[in-house]
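Take a look at the structure set out below.
The values are calculated or read from the model by the stated rules, or taken from the named source; none is laboratory data. Everything numeric in this text was worked out from a predicted model, so none of it was measured. Using ideal geometry, Cβ is built from the backbone for each residue, glycine included, and neighbour counts are taken over all protein chains shown. To get the accessible areas, we keep the full protein, side chains included, count just its heavy atoms, and leave off ligands, DNA and RNA. Shrake-Rupley method; radii C 1.70, N 1.55, O 1.52, S 1.80 Å.
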Amino acid sequence: EGKPEYYSIQKTGEYKQSDVASTIRKCGWAIGGDLIVGSDAARHMTYKEKLKLQGIPPDFTENCNLTLTQKHSANGMTIPAVKWVMERMFDYDKTLDV
């Protein structure tokens, strides 16, 4: 089984192939817009998959209704990317003469 391919829906309603899901790139404009093409079928990415790609724990939306889960999966920040940036900011801050 190879790496899945991601197709993000465009404003024109057509899909464009990408190496990375729009959830990671923070540019998906439509909820449920990504398609995942694997070895056996094409399907839409689930909200739990979007949250997982962003580094959010699977039980984060356990007590949320579907609307809140959709909002969290569409409006979240990618936690590993934020952590990476913050670590570099703190490292840089240590080099400053204050």
Please go through the stretch 5-54 and pick out each residue that is of a type in the set (S, T, N, Q), modelled with pLDDT under 70 and closer than 20 Å to SER73 by Cβ. SER22, THR23
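Would you confirm, using the coordinates I've provided, whether PRO57 is surrounded by 10 or more Cβ atoms within 10 Å (Cβ to Cβ), farther than 25 Å from GLN10 by Cβ and modelled with pLDDT under 80?
Working: surrounded by 10 or more Cβ atoms within 10 Å (Cβ to Cβ): yes; farther than 25 Å from GLN10 by Cβ: yes; modelled with pLDDT under 80: no.
When the stated conditions are applied, PRO57 does not pass them.
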If you scan the stretch 69-86, which residues turn out to be more than 13 Å from the chain's Cα centre (by Cα) and open to solvent by 80 Å² or more (accessible area, probe 1.4 Å)? LYS83, TRP84
Need the failing condition index for GLY2 against (1) in contact with a Ser or Thr (Cβ under 7 Å, 6 or more places away or on another chain); (2) at pLDDT 70 or above, just the number. (2)
